[in-house]
Each structure stands twice: as structure tokens, then as C-alpha cells.
Amino acid sequence: MNLKRLVVSVFVLSLVMVISPMLHPHAEASMQDYKKTTNIAHRGASGHAPENTIAAFDKAVDMNADYFEVDVQMTKDGQLVLIHDTTVDRTTDRTGSVSDFTLEEIRQLDAGSWFGEAFAGEKIPTLEETLDRYRGKIGVLIELKNPELYPGIEEKVAKALIERNMHRPNNGKMIVQSFNHDSMKMFHHILPEFPLGVLVNSGPITAEQLDNFSAYAEYVNPNKALMDRETVDRIHEYDMKTWPYTVRDQASADYLVGIGVDGISNDFPELFTSPE
Ligand code: G3P
Ligand code: CA
């Protein structure tokens, strides 16, 4: 390394060391704090395996996450499948809208190779097979992704839970969430006791919103960038919990645990075993 590069590198490193604590003013988190915080593997352990696949969910179980999160959408023939984007383009070997495939067709796609050859042949799972496979092993945080595209999806998800006797409020390990708050109100109407979360991607989160959310939700799950200690305290004042998303580095995890969040959606569940 030449001298100029060395000087620039030292300067950048020093700057990061000075700025980091300013961005994370309460980045104090002990192992004890982590033990009180719920570890949610986002789209499964998606830093280690292709998101929303059985491989990623199995990995979340292996890594002792408390929950894994999934994104639910609906096929052309009304089946509930787990995939994040409204098209299959990014995470499979085909292109097109999820809603243009039947279940039989979408099950032919390779949802693993894009992530790594070791995962070639992973399939897009159904919600139902996932509920059956992981029952009693780990919690499932079920996100209704773009439910406005899929009229009736709330009833279908509720039915899948009811058929498995997973719809009771004290099931402990099943939660439904969405960015679409009308959809959550609809779900609350169908299953009034079932734990629900509202996802929030822009702030600040107002008292009026919290008042509104607390009428039907138990969790307020914002983008991590919206979180500070005051917001956590205000959510708690409304007797709700908060599981912000999506954490991919230790400093962010330490900050959020330090300000008292109740859980963290993350791509790397090992963040909970290696705090700074
Ligand atoms: O758990 C919250 C998170 O899943 C919301 O964001 O885009 O990853 O579905 P997204
Ligand atoms: Ca999601």
C-alpha cells in the first residue's frame, strides 16, 4: 500500500470511529439484554440461505432464532405461497408476476440457485406446508405482502391458522403483520384475539397513530432508522411491543437492544450471540 492510500485509510477509519458513537449514542447492550430480546430471522436466516425457502427456515431453527419471518402472497389459483417480491424475477430462474402462476407452475421454479449453487432446486414453499413443518419448533411471523393485490388473502391466512388450531391468542408463536394497515384491521375483524403487527416505513410515529394501532395491533414494527429510545418508550406506553426491521450488522443490533426494543428482525441470527 502506498503512503497516500495509507493516510486516506487511516483518516477514513478514524472518521468512522468518531461518527459511529454519534449515530448510536446508546449502543450499550449486554448479553443479558440480548436474552430478553426476541430473535427473528428475517425471511428465514436469509444471510445464510435463499430467503423464504425451507433451507432458510431450517437454518433459522438450527441457529436458535425464536421466530422466522415469511412473506405471503397468492397464486393465480388462490394458493398461499412464500415469496417477497410481487414478481419471481429476482429470486427464481423465471420471470413474471406471482399472481400469473398456478401453484403447480410456481413449484417448478428454482428459488435457490440465485443465492448459491448449493441451494439449486429449492422450491417456493406454501404457507400451509411451512406451518405444518415448523409447528412447535419455532415461531412464525407472517407478513401479508401487498395484500391489496390479493382480495380475500386475510380470510385464507386465517383459515390456514384455524384449520391447524394455531389461531388462538395464546398460541404464543404465531403473529401476522403488514404494511397495509387496512388489511390488519380486516384480519382483526376476522380473528379479534389474534396477535397482529403494523409495519411502518416512515416517521415520525405519532401519538395519534399509536392510539389508532393499539385498537387492533400488539406490535409496531418500524424500519430500524425510525427507532430511538423515546419511540420505544412511547410504543410501550401504549402497551404494545416493537420488533424493528431489518438488521444486518452488530452495531445496529447493539443500538436497538440498548434502547430496549422487544425483538429484532435480522438476516443473521448469530448477531444475538456475539454482541460487542
Ligand atoms: O419484518 C419486517 C420486514 O420483513 C419488512 O420488510 O421488505 O423485508 O418485507 P421486507
Ligand atoms: Ca417481510
Legend entry - Selection from region 31-55 of residues that are small (Gly, Ala, Ser) and either out of contact with any strand residue (DSSP E or B) (no Cβ under 7 Å at 6 or more places or on another chain) or away from ligand 1 (no atom under 16 Å from the Cβ) (or both): 45, 46, 47, 49, 55
Inset, instruction - Would you check if there is a residue in region 188-197 being touching a residue at least 60 places away in the same chain (Cβ under 8 Å) and under 17 Å from the mean Cα position of the chain (by Cα)? - result: no
Inset, instruction - Tally the residues that are surrounded by fewer than 22 Cβ atoms within 10 Å (Cβ to Cβ), of a type in the set (Gly, Ala, Ser) and in a loop (DSSP other than H, G, I, E, B), restricting the search to region 97-116. - result: 2
Inset, instruction - Answer yes or no as to whether residue 119 is surrounded by 15 or more Cβ atoms within 10 Å (Cβ to Cβ), more than 25 Å from residue 156 (Cα to Cα) and not charged (D, E, K, R). - result: yes
Inset, instruction - Give me the pairs, please: first residue somewhere in region 30-53 and within 10 Å of residue 69 (Cβ to Cβ) and within 11 Å of ligand 2 (Cβ to nearest atom), second residue anywhere and assigned to a helix (DSSP H, G or I) and of a type in the set (Phe, Trp, Tyr), beta-carbon distance under 8 Å, and either six or more positions apart or on two chains. - result: 44/57
Inset, instruction - Look through region 71-89, keep the residues that are part of a strand (DSSP E or B) and touching an Asp or Glu at 6+ places or on another chain (Cβ under 8 Å), and return whichever of them is farthest from ligand 2 (Cβ to nearest atom). - result: 80
Inset, instruction - Those residues that are closer than 26 Å to residue 153 by Cβ, out of contact with any Leu (no Cβ under 8 Å at 6 or more places or on another chain) and either of a type in the set (A, V, I, L, M, F, W, C) or within 16 Å of ligand 2 (Cβ to nearest atom) (or both), I need them from region 211-237; list them, please. - result: 213, 215, 223
Legend entry - Failed item, numbered, when residue 201 is tested on (1) polar (S, T, N, Q); (2) more than 16 Å from ligand 2 (Cβ to nearest atom); (3) under 18 Å from the mean Cα position of the chain (by Cα): (2)
Inset, instruction - Count, please, the residues in region 142-160 that happen to be under 20 Å from residue 192 (Cβ atoms), in a helix (DSSP H, G or I), within 16 Å of ligand 1 (Cβ to nearest atom) and in contact (Cβ under 8 Å) with a residue 60 or more places away in the chain. - result: 2
Legend entry - In region 56-76, residue nearest to ligand 1 (Cβ to nearest atom) [restricted to those that are more than 15 Å from residue 125 (Cα to Cα) and touching a Ser or Thr at 6+ places or on another chain (Cβ under 7 Å)]: 67
Legend entry - Single match in 178, 214 (criterion: surrounded by fewer than 18 Cβ atoms within 10 Å (Cβ to Cβ) and under 23 Å from residue 38 (Cα atoms)): 214
Inset, instruction - Could you list, in sequence order, all residues of region 84-96 that are free of Cβ contacts under 8 Å to residues at least 60 places away in the same chain and surrounded by 15 or more Cβ atoms within 10 Å (Cβ to Cβ)? - result: 85, 87, 88, 91, 92
Inset, instruction - Check region 211-234 and report whether any residue there is touching a Phe, Trp or Tyr at 6+ places or on another chain (Cβ under 9 Å), aliphatic (A, V, I, L, M) and over 26 Å from residue 73 (Cα atoms). - result: yes
Inset, instruction - Give 116, 152 a once-over and let me know the one that is among the small types (Gly, Ala, Ser) and under 20 Å from residue 99 (Cα atoms). - result: 152
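Conditions (1) more than 19 Å from residue 66 (Cα to Cα); (2) not in a helix (DSSP H, G or I), marked per residue:
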site	(1), (2)
182	yes, no
186	yes, no
209	yes, no
217	yes, yes
225	yes, no
233	yes, no
251	yes, no
254	no, no
Inset, instruction - Consider residue 68 carefully, then state whether it is touching a Phe, Trp or Tyr at 6+ places or on another chain (Cβ under 7 Å), in a strand (DSSP E or B) and buried (at least 24 other Cβ atoms within 10 Å of the Cβ). - result: yes
Legend entry - Residue check, residue 167 part of a helix (DSSP H, G or I), more than 16 Å from ligand 2 (Cβ to nearest atom) and over 16 Å from residue 265 (Cβ atoms): no
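Read the figures in this text as sums done on the coordinates, not as results from a lab. Remember, predicted model here, so these are calculated numbers, not experimental data. Virtual Cβ from ideal backbone geometry, glycine too; neighbours counted across all protein chains shown.
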